[in-house]
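Read the figures in this text as sums done on the coordinates, not as results from a lab. Since the model is a prediction, treat every value here as computed from it, not as a measurement. Backbone-built Cβ (ideal geometry, glycine too); neighbour counts: all protein chains shown.
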Amino acid sequence: MTSEKWITISPADKNTFSGYLALPPAGTGPGLVLIQEIWGVNDHIRAVAEQYALDGFVVLAPDVFWRQQTRTNLGYTEAGTAEAFELMKGTDFSQAAEDVVTAIEHLRGLPQVSGKVGVLGFCMGGQLAYRAAASGKPDAAVSYYGGGIQNHLNVAGQISQPILFHYAGLDGLIPTSAVDQVRRAFNGQKHASIHNYEEVDHGFNCWGRPAYNQRAAALARGRTLVFLAQHLAG
């Protein structure tokens, strides 16, 4: 079984924040920083952390909204979603990306991490995973329907490590034109892979949301596990 607990992470400005750490049954393994959606490190994200821990990764899900409120755990209700969007609007994404980099560095220093360290994010977290990759700190990055990446393609050239993008073909939040911009930015770059899942919407990986699609979620997860095994293990 996995082992889970909240731990303290210390950024450069010394104002500590926390992260949800899930250890694999073996106790050690490659590291994976898991970045939340706008609903916080909620029940779903903690379950995803435990899911990847069962796959042998040491998983750390940092509390991205900690500067506004700590350990946000919102549901996918109308009220929960409204609060989540307000928290997202109040987020300084550049600062949040720095916090993700701090979490990567913290995870890399844990004795349980025996391999490389990657980053994986969903939605808002998908953009933060991309921006963290541009820092050069993670060894590999995975972005699930990362909103707004097309507005930060000026840092695409700074990403040389393997990166994997998952997009939804019917995404009402990320238009096809935005995905095309990302494709063009990484055109011909062997370290970048982009997958598009037709006939599914934004959030297809989350089993707590109406957009959940089992087939697309399973296919994307399989591709993600192969990607992480290739670039983090050993």
Selection within the range 1-21 - assigned to a loop (DSSP other than H, G, I, E, B), surrounded by 13 or more Cβ atoms within 10 Å (Cβ to Cβ) and of a type in the set (Ser, Thr, Tyr): 2
Test: residue 61 is in contact with a Lys or Arg (Cβ under 8 Å, 6 or more places away or on another chain) and buried (at least 22 other Cβ atoms within 10 Å of the Cβ): yes
Failed item in (1) under 19 Å from residue 206 (Cβ atoms); (2) assigned to a loop (DSSP other than H, G, I, E, B); (3) in contact with a Pro (Cβ under 8 Å, 6 or more places away or on another chain), with residue 56 passing the rest: (1)
Of all residues making up the range 167-180, the number that are assigned to a strand (DSSP E or B) and either β-branched (Val, Ile, Thr) or surrounded by fewer than 21 Cβ atoms within 10 Å (Cβ to Cβ) (or both): 0
Among (1) crowded, with 20+ Cβ neighbours inside 10 Å; (2) closer than 17 Å to residue 109 by Cβ; (3) not β-branched (Val, Ile, Thr), the one test that residue 27 misses: (1)
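Among 68, 51, which is the only one that is in a helix (DSSP H, G or I), without any contact (Cβ under 8 Å) to a residue 40 or more places away in the chain and surrounded by fewer than 23 Cβ atoms within 10 Å (Cβ to Cβ)? Write out each step before concluding.
Details: 68 fails: in a helix (DSSP H, G or I).
That would be 51, the only listed residue that is in a helix (DSSP H, G or I), without any contact (Cβ under 8 Å) to a residue 40 or more places away in the chain and surrounded by fewer than 23 Cβ atoms within 10 Å (Cβ to Cβ).
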Residue satisfying all of: in the range 116-166; touching a Phe, Trp or Tyr at 6+ places or on another chain (Cβ under 9 Å) and assigned to a loop (DSSP other than H, G, I, E, B); surrounded by the fewest Cβ atoms within 10 Å (Cβ to Cβ) among these: 148
Hits in the range 4-21 (condition: hydroxyl-bearing (Ser, Thr, Tyr) and in contact (Cβ under 8 Å) with a residue 24 or more places away in the chain): 10, 18, 20
Residue count, the range 39-64 (criterion: of a type outside the set (Ser, Thr, Tyr) and within 20 Å of residue 133 (Cα to Cα)): 9
Boolean, residue 36 is touching a Cys at 6+ places or on another chain (Cβ under 9 Å) and of a type in the set (S, T, N, Q): yes
Residue tally, condition in contact with a Phe, Trp or Tyr (Cβ under 8 Å, 6 or more places away or on another chain), assigned to a strand (DSSP E or B) and in contact (Cβ under 8 Å) with a residue 40 or more places away in the chain, over the range 22-48: 8
Of all residues making up the range 76-86, the number that are surrounded by 15 or more Cβ atoms within 10 Å (Cβ to Cβ) and not in a helix (DSSP H, G or I): 1
Any pair with Cβ under 7 angstrom, 6 or more apart, that starts in the range 107-132 at a residue that is in contact (Cβ under 8 Å) with a residue 12 or more places away in the chain and under 20 Å from residue 220 (Cβ atoms) and ends at one that is of a type in the set (D, E, K, R) and in a strand (DSSP E or B): 122/37; 123/37; 124/37; 125/37
Hey, residue 37 acidic (Asp, Glu) and buried (at least 24 other Cβ atoms within 10 Å of the Cβ) or not: yes
Residues that are buried (at least 19 other Cβ atoms within 10 Å of the Cβ) and of a type in the set (Gly, Ala, Ser), drawn from the range 87-114: 96, 97, 103
